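Report on the structure given below.
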Ligand code: 5GP
């Protein structure tokens, strides 16, 4: 497949908790409307300011299970050991069929599933400038209690160790810089690595 293959237009962004994936994706949404950004489904409750259908599709555990059973999720995972998150499949496929660059922001388990389903997608790791900075951002965000923070830091440690699995890493020094780097990859993806090319 060439760099123009539809699946190559799919960029999967992952990285440890609190690294700023959501902020970078929001920057892309605001500055590059030509990029289609997936809206995930989740069973967790909305945080203040989050909007159903825009931040996430907030669904009940029953609705989530139904979507999985009906094959309507491209990938799904329990993240941080508690809530389910998943990417509705149809909107991703429609965006790619329309030739739009498409962006998913998901966790590592989900990224692995997408690579099984769509091996030509581009997998991008968003890295913090340092571990200390990551902890500072997580504590500074103030949206989680101590127990939840500990859980997220444990996940973050595992996720940081997975950096080499990805095609490309972007260090999140600033939102504008990381967002612009991501858009460059979406609009002009590098070729699929030889070991992943379908024979
Ligand atoms: P938060 O609860 O802070 O919004 O998100 C928690 C984690 O869930 C983040 O690491 C985020 O990448 C991940 N996540 C969000 N949407 C999805 C999804 O559709 N699938 C998977 N596998 N993970 C997701």
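Placing a label point 7 Å from the Cα of residue 31 along the Cα-to-Cβ direction, the residues of segment 90-114 whose backbone N falls under 17 Å from that point are 103. Counting only C-alpha contacts under 8 Å and six or more residues apart, can you give the relative contact order of segment 11-94 as a whole percent? Taking the mean separation of contacting Cα pairs over the length of segment 11-94, I get 25 percent.
Note on residue 130 and residue 63: with the Förster distance fixed at 41 Å, the Cβ-Cβ geometry gives a FRET efficiency of about 0.55. Per-residue Cβ neighbour counts within 10 Å put 158, 9, 152, 89 in the sequence 158, 89, 152, 9, beginning with the fewest. By the beta-carbon count within 10 Å of each Cβ, the least crowded to most crowded order of 136, 8, fewest first, is 136, 8. Using the Cα gyration tensor of segment 1-104, with a ≥ b ≥ c the square roots of its eigenvalues, what is the shape: rounded (a/c below 1.5), prolate (a/b larger than b/c) or oblate (neither)? Here segment 1-104 falls in the oblate category. Taking a ≥ b ≥ c as the square roots of the eigenvalues of the Cα gyration tensor of segment 63-199, is the shape rounded (a/c under 1.5), prolate (a/b larger than b/c) or oblate? Judged from the Cα gyration tensor, segment 63-199 comes out oblate (a/c at least 1.5, b/c at or above a/b). Based on DSSP H segments of at least four residues, each scored -39500 (n - 2.57), the chain has a per-residue ellipticity at 222 nm of -12000 deg cm²/dmol.
As a length-normalised measure over Cα pairs under 8 Å and 6 or more apart, the relative contact order of segment 10-187 settles at 35 percent. For the pair residue 117 and residue 180 in one chain, pulling the backbone fully straight at 0.36 nm per residue adds 20.0 nm over the alpha carbon distance. What's the FRET efficiency of residue 70 with residue 39 using the Cβ-Cβ distance as r and R₀ = 25 Å, to the nearest 0.05? Calculated value: 0.90.
Each of 85, 56 was scored by other Cβ atoms within 10 Å of its Cβ. Arranged with the fewest first, they read 56, 85.
Computed from the coordinates by the stated procedures, all read-outs in this text should not be read as laboratory data. These numbers were taken from a predicted model, which means no experiment stands behind them. With ideal geometry, Cβ positions are generated from the backbone for all residues, glycine too; neighbour counts draw on all protein chains shown.
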